[in-house]
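Below is one structure, written out as structure tokens; comments come after it.
Just so it is clear, none of the values below were taken in a lab; they were calculated from the coordinates. Values in this document were obtained by computation on a predicted structure and should not be read as measured data. Reconstructed Cβ throughout: ideal geometry from the backbone, glycine too, with neighbour counts over all protein chains shown.
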Amino acid sequence: MRATGRTPPQSTARKSERAKMTANPALAERVEKRQLEHSVSWTGHERLRWLWYRLRLTVQEMNYATRRLLELQMRLP
């Protein structure tokens, strides 16, 4: 019998533990949030409402960034 060079797939628990131990705490926080989002079951209406909220928030951030860039460019000589 011949041994193969394959390694078994790692579990998600190991990945999250590794992320928590990294120097970047934001990465560990995102992993925890992602796991929490998967553990909650949402209805279709709730999911649609959440996605609509996220879209509105993203558009607001883009508008703000554009406005700030224009303000900064106006002040240049």
- prompt: List the chymotrypsin sites (Phe, Trp or Tyr not before Pro) in segment 33-77 that DSSP assigns to loop (not H, G, I, E or B) and whose Cβ has at most 15 other Cβ atoms within 10 Å. Which are they?
  reply: W42
field: Charge tally in the Cβ shell below 14 Å around Y64, where Lys, Arg are +1 and Asp, Glu are -1, Y64 excluded
entry: +1
